[in-house]
Amino acid sequence: MLKVGLIVIGFMGRGHLDNYIRLESEGFPVKLVAVCDIDPAKFENKFLPGNIDVGTKKYDFSKYKLYTNMDEMLEKEELDYVDICLPTYIHDEATASCGGQDACPLRRPLPHIYMLKLL
Ligand SMILES: NC(=O)c1ccc[n+]([C@@H]2O[C@H](COP(=O)([O-])OP(=O)(O)OC[C@H]3O[C@@H](n4cnc5c(N)ncnc54)[C@H](O)[C@@H]3O)[C@@H](O)[C@H]2O)c1
């Protein structure tokens, strides 16, 4: 079972959250255990609209360990992967916090979103 930490639940992060919920419901060996966002209002389902209409779905965040500081999440959780959906300008800092190993760009043409394997 791969334990995942999702760094931020902005517009793209919510799309990733949807996919973790779906993967878990379909029995894939992946479990989202922790979610981080600097804005705690996100954990109360208070989202800003994105550039595509994704509806007003509510999430049950009580299932996850919640953090407003990514370094604290990385320190406290035993994660196999982190999924980084931060704004682009902070990707380098987040990658460095994660140790910088095995960064795999998931999105093209620009590597906006990364999954990092924590060794
Ligand atoms: N919106 C799109 O259609 C789209 C498509 C492909 C790729 N992307 C890329 O995805 C990435 C995220 O874009 P988005 O549209 O989801 O942005 P967004 O502004 O909707 O979400 C960013 C989230 O990051 C959080 N955040 C900001 N600074 C933080 C920090 N220091 N620590 C913790 N949380 C922090 C914010 O609270 C917010 O929830 C960008 O790199 C963007 O280029 C976006």
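Derivation of every value follows stated rules applied to the coordinates shown; laboratory data play no part. Note that the structure is predicted; figures quoted are calculated from it, not measured. Positions of Cβ are generated from backbone atoms using ideal geometry, with glycine treated the same way; all protein chains shown enter the neighbour counts.
Observations on the model:
- At an R0 of 22 angstrom, the distance between the Cβ atoms of residue 89 and residue 69 translates into a FRET efficiency of 0.80.
- The charge dipole of the stretch 1-73, taken about the Cα centre with unit charges on the Cβ atoms of Lys, Arg (+1) and Asp, Glu (-1), comes to about 160 debye, rounded to the nearest 20.
- Shape category assigned to the stretch 1-73 from the gyration tensor of Cα positions, a/c cut at 1.5: oblate
- Scanning residues 5 or more positions from residue 65 or on other chains, those with amide H under 5 Å from its amide H are 34, 35, with H placed 1.01 Å from N in the peptide plane.
- Spin-label model distance (nm) - residue 57 vs residue 96, 7 Å beyond Cα toward Cβ: 3.5 nm
- In nm, spacing of pseudo-spin labels at residue 31 and residue 76 (7 Å Cα→C-beta vector): 1.8 nm
- Under Karplus coefficients 6.51, -1.76 and 1.60, residue-wise ³J(HN,Hα) of the stretch 56-63 in Hz, glycine/proline x: 10, 4, 9, 10, 9, 7, 5, 7
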